[in-house]
């Protein structure tokens with residue numbers, strides 16, 4: 001059985017891999033049946049499986065010049081880790097954004113099987129350039 005401390009360490013490494021753009025290491029954190037969703041998007045809009053999760057994430061992040069985070073509170077128990085953090089997005093056209101998140105990861109045997117992000121859509125709408133919205137509206141499927 002995985003401990004809360006091990007899950008916390010795993011999620012810290014997950015964030016490190018994501019912000020470094022190490023996509024191979026990133027997808028290794030997920031179970032094959034994992035799901036990912038953003039609470040700010042429609043309820044039925046979620047990615048299922050490693051391939052879709054990676055495609056959905058890269059759709060939003062690949063156009064960025066840089067992305068990093070400032071991690072705050074992290075609470076872990078036997079199968080869930082909650083992270084409060086701020087993502088720092090920079091587009092090549094100069095726009096920047098600080099997007100506060102609460103991320104919830106549920107784990108099974110040390111792997112993520114459910115990831116839900118909670119953030120404010122208006123913060124993104126106010127910051128992102130129109131070209132970015134046009135890009136993500138094409139979708140990943």
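The values are calculated or read from the model by the stated rules, or taken from the named source; none is laboratory data. In this text the structure is predicted, and so the values were computed from the model without any measurement. Quick reminder, even Gly has a Cβ in these numbers, built from the backbone with ideal geometry, and neighbours come from all protein chains shown.
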Sole miss for residue 11 among (1) farther than 14 Å from residue 112 by Cα; (2) modelled with pLDDT of 95 or more; (3) crowded, with 17+ Cβ neighbours inside 10 Å is condition (1)
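Can you find, within the range 34-50, the residue that is modelled with the lowest pLDDT among those that are part of a strand (DSSP E or B) and buried (at least 16 other Cβ atoms within 10 Å of the Cβ)? Outline the logic, then answer.
Within the range 34-50, the subset part of a strand (DSSP E or B) is 34-38, 46-48.
So of that shortlist, the ones also buried (at least 16 other Cβ atoms within 10 Å of the Cβ) come out as 34-38, 46-47.
Values: 34: 98, 35: 96, 36: 97, 37: 95, 38: 91, 46: 88, 47: 94.
Applying the filter and picking the extreme gives 46.
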For this session: Test residue 19 against the criterion of being within 15 Å of the chain's Cα centre (by Cα) and either assigned to a strand (DSSP E or B) or surrounded by fewer than 16 Cβ atoms within 10 Å (Cβ to Cβ) (or both), and give yes or no.
Result: no
Picking from 112, 104, 86, the residue that is surrounded by fewer than 17 Cβ atoms within 10 Å (Cβ to Cβ), within 15 Å of the chain's Cα centre (by Cα), under 25 Å from residue 136 (Cα atoms) and in contact (Cβ under 8 Å) with a residue 24 or more places away in the chain would be 104
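If you check residue 43 against the conditions, is it over 14 Å from the mean Cα position of the chain (by Cα) and farther than 15 Å from residue 105 by Cα?
yes
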Taking the range 26-46 and keeping residues under 16 Å from residue 103 (Cα atoms) and in contact with a strand residue (DSSP E or B) (Cβ under 6 Å, 6 or more places away or on another chain) leaves 29, 30, 34, 35, 36, 37, 38, 39, 46
When (1) modelled with pLDDT of 95 or more; (2) not in a strand (DSSP E or B) are applied to residue 31, the one that fails is (2)
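Test residue 60 against the criterion of being closer than 22 Å to residue 91 by Cα and either in a loop (DSSP other than H, G, I, E, B) or in contact with a helix residue (DSSP H, G or I) (Cβ under 9 Å, 6 or more places away or on another chain) (or both), and give yes or no.
On the way: closer than 22 Å to residue 91 by Cα: yes; either in a loop (DSSP other than H, G, I, E, B) or in contact with a helix residue (DSSP H, G or I) (Cβ under 9 Å, 6 or more places away or on another chain) (or both): yes.
Yes; evaluated as a whole, the condition is true for this residue.
Just checking, how many residues over the range 115-141 are part of a strand (DSSP E or B) and either more than 14 Å from the chain's Cα centre (by Cα) or at pLDDT below 95 (or both)?
Initially, the range 115-141 is screened for residues part of a strand (DSSP E or B), giving 115-118.
From what is left, the residues that are either more than 14 Å from the chain's Cα centre (by Cα) or at pLDDT below 95 (or both) are none.
Within the range 115-141, residues that are part of a strand (DSSP E or B) and either more than 14 Å from the chain's Cα centre (by Cα) or at pLDDT below 95 (or both) number 0.
Can you say whether residue 82 is out of contact with any helix residue (DSSP H, G or I) (no Cβ under 7 Å at 6 or more places or on another chain) and farther than 21 Å from residue 125 by Cβ, as far as the supplied structure shows?
Values: out of contact with any helix residue (DSSP H, G or I) (no Cβ under 7 Å at 6 or more places or on another chain): yes; farther than 21 Å from residue 125 by Cβ: yes.
In short, yes.
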Scanning the range 51-79 for residues that are surrounded by fewer than 17 Cβ atoms within 10 Å (Cβ to Cβ), within 18 Å of residue 111 (Cα to Cα) and without any contact (Cβ under 8 Å) to a residue 40 or more places away in the chain gives 51, 75
